1. With every protein chain kept in place and ligands, DNA and RNA left out, what is the accessible area per residue of the chain? Probe 1.4 Å, answer in Å².
2. Got a sec? Charge dipole of segment 98-191, +1 on Cβ for Lys and Arg, -1 for Asp and Glu; which of Pro116, Leu176, Ala104 is way out at the positive end?
3. Along the Cα→Cβ direction, 7 angstrom out, place labels at Lys184 and Glu158. What is the inter-label distance in nm?
4. Using the beta-carbon distance between Lys111 and Leu176 and R0 = 25 Å, what value does 1/(1 + (r/R0)^6) give for FRET efficiency, to the nearest 0.05?
5. Could you compute the FRET efficiency for Ser143 and Glu18, with r as their C-beta to C-beta distance and R0 at 30 Å, rounded to 0.05?
6. Answer with one residue from Ala141, Pro36, Val48: the one whose Cα lies farthest towards the positive end of the charge dipole of the chain, charges on Cβ with Lys, Arg +1 and Asp, Glu -1.
7. Using a Cα distance threshold of under 30 Å, what count of lysine pairs results for the chain when pairs must be 8 or more residues apart or interchain?
8. Can you tell me the Rg and Dmax of the chain, counting just the alpha carbons, in angstroms?
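The values are calculated or read from the model by the stated rules, or taken from the named source; none is laboratory data. Note that the structure is predicted; figures quoted are calculated from it, not measured. Here the Cβ is made from the backbone with ideal geometry for all residues, glycine too, and neighbour counts use every protein chain on show. SASA here: full protein model, heavy atoms, side chains in, ligands and nucleic acids out. Shrake-Rupley method; radii C 1.70, N 1.55, O 1.52, S 1.80 Å.
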Amino acid sequence: VLRDMVLLSHVLEVARREWRWIVDNPMRDVRKPAEPDHRERIIQPAEVRAMLRVLGWSMRKPVRSVAQAVAHCFIAALQTGMRAGELCGLRWDDVAQDHVQLHAGKTKTGKARQVPLTPAAARNIECMRGYDPELVFGLTARSLDAMFRKYRSRAGLEGFTFHDARHTAATRLARLVDVLDLCKIFGWTTATRALVYYNPTGSQIAKRLNASAAAPTRSPR
């Protein structure tokens, strides 16, 4: 509803300001519904394993089917936090040994960024060699979405989307890097964006605090 209201208001504002078709924008005085809470869905390990089983995922066999390509794309999203459109637009020329290059205009923010790759993430991408000569995953965003939903239902799962892999990756990576590095990886322009995706439990924070308190410290000489 909010998106529709914003679109309608913009159309009317263009008609008022640029075309002079109307005197006032009637949407200005319409009360909008409250912003919904951000999604906080973390894809659980058991759900990941179930998805990979029905998709026919294997690290030992070459990728032969669209379903297997979706599986490797899903793993890449969980490992790097890249969006579906960024993964589907990724070309082999953009893949380096320890990172991938996302060009300006190909990201949601319109700004270029480099996404680091762990050895496991690099191996996952290398499994796609030979499947498509130009695109790493050989998928369109539309086919990825349709196939993901199809196999999610086939696995008997519900309640999460492909984009939730980005949320899952952010929560995992936030335990390994500081907030500024996290913003660089995910392309966020403000640190507050990290709070949308980073949702550790109180127990997880307590464990890190206890680990820090138990770590030995050097006395000054």
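1. On the way: 14310 Å² over 221 residues.
Normalised by residue count, the accessible surface of the chain is 65 Å².
2. In segment 98-191, that residue is Ala104.
3. Between Lys184 and Glu158, the simple spin-label model gives 4.3 nm.
4. On the way: r = 23 Å, r/R0 = 0.94.
In this case the efficiency is close to 0.60.
5. Numbers: r = 37 Å, r/R0 = 1.25.
That pair, Ser143 with Glu18, gives E of 0.20.
6. Val48
7. Details: Lys32/Lys108; Lys61/Lys150; Lys106/Lys150; Lys106/Lys184; Lys108/Lys150; Lys108/Lys184; Lys111/Lys184; Lys184/Lys207.
Number of lysine pairs found: 8.
8. Values for the chain (Cα only, Rg and Dmax): 21.4, 78 Å.
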